[in-house]
Amino acid sequence: METSSRIEALLPAIRKTGILFTQTVLGESGDAAVIGYNDTVDKLLPFTSDHDAIEKTIMKVQEGTSGVHLYDALAQAVGMLRDRASSRRRVIITVAEAVDTGSEEKLGAVLREAQLANITIYSVGLSTTAAEVRGPQKQNQPISATPPGTFGLPPIPGTPQTPTIEQQRQGSNVDLMGLAVWVVQHTTAVVRDHPLEVATIDTGGLYQSTLHDSDIESAIDTIGGEITAQYTLSYRPIGTGPGDYHEIKVQVVDRRGLKVRSRPGYYLGNANN
């Protein structure tokens, strides 16, 4: 969970989500750890099946500094999950802005390690716009090219203009699948755009954007519903080497209403992994 002062206005809504995680995501047999991050990454709660402890920890999440070390937080979560039993599903759920400032880790390296450890990342994308609009007024802000509450581009015919739609529209030309493949192939590269969406695509998860407080709850509910209602398909590759990237394409035929999520590809680990 992001605890940066950037999202101060959204923290009250985030603190209310503990029961959603315990009831819709974990169920009766799941366990979880809680990590918070800003300029530092803080392990707020080690792995536990104590639902009360999980809910209380989330309820007491405190605002931190203005930094956003998202990639460092993901790296710590991957490291913690890697040590868990391989018979358990390994899932990371981020409640965060799609922003990283100052992490030592690189996103591609983190996502490759997540793939090797069979970890799936789901993301509840917090709205930077909503946090800024509802947060305290800041001095010396850059002058906007358009008046407050207006948009610089004409609307898409038949579509209402909202901050979320306009943000998605501006990034609509980005090949996210191609970017996701490139990121894990170039692990030292700097990634600034769409990190949460890339993380979910690379690990076979789901990204949910939010604008209002109720959207945060709905996003967690959607993710929880998906996690607890899945079939998992697996196969053993033949004639492949650990240094090669292998693409995956999964199709379902003759079955309507099913959603397929898979990684675009993977690297094989060492024989000891």
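Descriptive notes on the structure:
- Under the simplified labelling scheme, the T222-H186 pair shows an inter-label distance of 3.0 nm, with each label point 7 Å from Cα along Cα→Cβ.
- Y235-V133 FRET efficiency (beta carbon distance; Förster radius 51 Å; 0.05 resolution): 0.60
- Take the Cα of D39, step 7 Å toward its Cβ, do the same at T65, and the gap between the two points is 0.2 nm.
- DSSP-loop trypsin sites (Lys or Arg not before Pro) across region 46-108, with at most 16 other Cβ within 10 angstrom: K60, R84, R88, R89
- Residues whose amide H comes within less than 5 Å of that of I92, counting only those at least five positions distant or on another chain, are T120, I121, Y122 (H built at 1.01 Å from N in the peptide plane).
- Using R0 = 22 Å, the C-beta based FRET efficiency linking E28 and S262 works out to 0.20.
- Anisotropy class of region 1-112 from Cα gyration tensor, a/c 1.5 cut: oblate
- Its Cα gyration tensor gives region 66-140 an equivalent ellipsoid, and the semi-axes of that ellipsoid, as √(5λ) in whole Å with the largest first, are 29, 14, 9.
- In this simple spin-label approximation, N118 and D254 carry label points 7 Å from Cα along the Cα→Cβ vector, and these lie 2.9 nm apart.
- Extension gain for A9-D193 works out to 63.9 nm (0.36 nm per residue, less the C-alpha to C-alpha distance).
- Overall form of region 173-267: oblate. Here a/c, set by the Cα gyration tensor axes a ≥ b ≥ c, is 1.5 or more, and a/b is not larger than b/c.
- Sparsely packed loop sites in region 76-112 (the GluC sites (Glu not before Pro) outside DSSP H, G, I, E and B with at most 16 other Cβ atoms within 10 Å) comprise E104.
- Rg then Dmax, both in Å and based on the Cα atoms of region 20-85: 12.4, 36.
Coordinate-derived values only; no laboratory data. Remember, predicted model here, so these are calculated numbers, not experimental data. For neighbour counting, all protein chains shown are included, and Cβ atoms are generated from backbone atoms with ideal geometry for every residue, glycine included.
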